[in-house]
1. Out of Leu99, Leu163, Leu139, any idea which swings most in a Gaussian network model of the chain, alpha carbons joined below 10 Å?
2. Mind checking which of His109, Val58, Asn165 is farthest towards the positive end of the chain's charge dipole, using Cβ charges of +1 (Lys, Arg) and -1 (Asp, Glu) about the Cα centre?
3. Tally the DSSP beta bridges in segment 5-212 and give the antiparallel ones as a percent, rounded to 5.
4. Between Thr2 and Lys194, what is the spin-label point distance in nm, taking each point 7 Å from the Cα along the Cα→C-beta axis?
5. Give a residue-ordered list of calculated ³J(HN,Hα) values for segment 207-216 (Karplus: 6.51 cos²θ - 1.76 cosθ + 1.60, θ = phi - 60°; whole Hz; x for Gly, Pro).
6. Amide H neighbours of Asn136 under 5 Å, at least 5 residues apart or on other chains, H built in the peptide plane: list them.
7. Select from Arg63, Arg132, Arg53 the residue whose mean-square fluctuation is largest in a Gaussian network model of the chain (Cα-Cα springs shorter than 10 Å).
8. For a quick check: with amide H placed at 1.01 Å from N, whose amide H comes under 5 Å from Ser4's, ignoring anything fewer than 5 positions away on the same chain?
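Any read-out appearing in this document is the output of simple, stated calculations on the displayed coordinates, not a laboratory observation. For clarity, every value in this text was computed on a predicted model and none was experimentally measured. Every residue, glycine as well, gets a Cβ built from its backbone with ideal geometry; the counts of neighbours run over all protein chains shown.
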Amino acid sequence: MTFSRVLFVGAHPDDIELGAAGTICNLIEQGKEVHCYHTTSGEYKDLNGNPIRDKESVLKETRKSMDILGVEHLTFGFAPATELKFNKLEVSVLQRYILEHKIDTIFTHPIPDTYHQDHQNTHNIVVAASRRYVNNIFLWESVHSFGRGQIIPVAYVDISLHLDNKMDSLRCHTTEYVKFRHDKWVSGISSMAKYRGSQIGVHAAEAFDIIKYILF
């Protein structure tokens, strides 16, 4: 790989782990500098305005998850989940982060993904913020896709040695773990990793689409 300072941008805590937890472990093992940036605060309410996930639990669960993966650089946005906007402010905040940390590679949501507005807006924010500054942009796979199906992979990462870490990191997100039926959620993600692994002759893999990537 020709990059060293890598930024993973997800809309909500657990999105990054779903798409690329094993890849994060690989990069950190290789000595790369890894940053995880969430465009929302992660807190959200139900349709009646009742709190489901608060900031304190989000921070606690996400920090525990990132510790499993070995991530030190962790950032949250200020918009509550489901309320993220694609606008100049959000683009500017991320662009400043990219420039300040000299980011050379980004992993983020595909589009249309699950048709979640935060996912789509995160994708657009990333592409706009990085358009003149980052030449390596990868899109991870959404396992629970309600859009037009899964991505067509053009790049893979062998995560055979880190599949357990990926699963353990997801279990840290208690609210989501319960909402998506406990280990049925985790087992589906594990199955997808093993399926992608079978395509490249390894035990488990994460698959990605590419917007652009400089080979040399």
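1. Comparing Leu99, Leu163, Leu139 in a Gaussian network model of the chain, the most mobile one is Leu99.
2. Positive-end residue among those listed: His109.
3. Working: 10 of 29 bridges.
Antiparallel bridges: around 35 percent, rounded to the nearest 5.
4. 3.7
5. 10, 9, 9, 10, 7, 7, 7, 8, 6, 9
6. Correct list: Ile106.
7. Result: Arg132 has the largest fluctuation of those listed.
8. Amide H neighbours of Ser4: Asp104.
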